[in-house]
Amino acid sequence: MDLKEIKAIIDLMKKNSLAEFELEQKDFKIKLKRGVNGPAEGDDTAFYAARQAVMAHAPLPVAPAPAAPVVATNETEVKSPMIGTFYRSPAPDAAHYVDVGVEVGPDTVVCIIEAMKVMNEIKAECRGVITAIVAENTKPVEFGQPLFRIRPL
């Protein structure tokens with residue numbers, strides 16, 4: 001099960017006013033619960049139901065960042081594989097993973113996206129030079145949102 005499927009389940013729960021959903025398959029189990037009146041006061045999480053997800057035996061697989069070509073400029077975009085908070089460095093006082101003009105390879109970590117208190121390293125997935133940093137540091141990003149542009153080598 002991927003993040004798109006979980007988001008679709010959450011949307012169905014909202015549309016049908018379901019308070020709980022539970023699914024178990026082989027080595028994967030997820031249980032979603034949502035509050036009757038929405039998120040608790042002060043909770044700014046858009047998908048508060050996913051906050052209570054319970055994983056058994058195996059963590060939720062995280063899809064690698066898709067790199068889709070931008071036809072007009074012959075550049076590749078590194079897009080967010082999930083909803084979360086975008087961080088350009090591993091710590092607030094640390095150097096950025098990459099900057100404009102830096103050459104990257106497929107396994108080069110370019111940023112971190114924090115989702116549900118888990119730090120997910122995002123890799124370039126291609127070889128090239130960073131031409132633009134599209135996302136803003138410490139700000140929320142959506143699934144499929146461009147994070148970087150890379151000119152292939």
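For (1) under 11 Å from the mean Cα position of the chain (by Cα); (2) of a type in the set (Val, Ile, Thr); (3) modelled with pLDDT of 90 or more, each residue gets a yes or a no:
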position	(1), (2), (3)
PHE86	yes, no, yes
ASP93	no, no, yes
VAL134	no, yes, yes
PHE148	no, no, yes
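Residue by residue, here is whether (1) at pLDDT below 75; (2) of a type outside the set (Ser, Thr, Tyr); (3) touching an Asp or Glu at 6+ places or on another chain (Cβ under 6 Å); (4) surrounded by 14 or more Cβ atoms within 10 Å (Cβ to Cβ) holds:
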{"residue": "ALA8", "(1), (2), (3), (4)": "no, yes, no, no"}
{"residue": "LEU18", "(1), (2), (3), (4)": "no, yes, no, yes"}
{"residue": "GLU41", "(1), (2), (3), (4)": "yes, yes, no, no"}
{"residue": "ASP44", "(1), (2), (3), (4)": "yes, yes, no, no"}
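Screening ILE83 with (1) touching a residue at least 60 places away in the same chain (Cβ under 8 Å); (2) over 15 Å from PHE143 (Cα atoms) gives one miss only, at (2).
Here VAL109 does not fit the description of being surrounded by 14 or more Cβ atoms within 10 Å (Cβ to Cβ) and either touching a residue at least 40 places away in the same chain (Cβ under 8 Å) or on the phi < 0 side of the Ramachandran plot (or both). Screening ALA68 with (1) in contact with a strand residue (DSSP E or B) (Cβ under 6 Å, 6 or more places away or on another chain); (2) modelled with pLDDT of 75 or more gives one miss only, at (2). Could you tell me which of the residues ILE113, ILE150 is under 22 Å from GLU5 (Cα atoms) and touching a strand residue (DSSP E or B) at 6+ places or on another chain (Cβ under 6 Å)? Of ILE113, ILE150, the one residue that is under 22 Å from GLU5 (Cα atoms) and touching a strand residue (DSSP E or B) at 6+ places or on another chain (Cβ under 6 Å) is ILE113. Within segment 84-102, being of a type in the set (D, E, K, R) and loosely packed, with under 14 Cβ neighbours inside 10 Å holds for ASP93, ASP99.
The values are calculated or read from the model by the stated rules, or taken from the named source; none is laboratory data. Nothing here was measured: the structure is a model prediction, and the numbers come from that model. All Cβ positions, glycine included, derive from the backbone under ideal geometry; neighbour counts span all protein chains shown.
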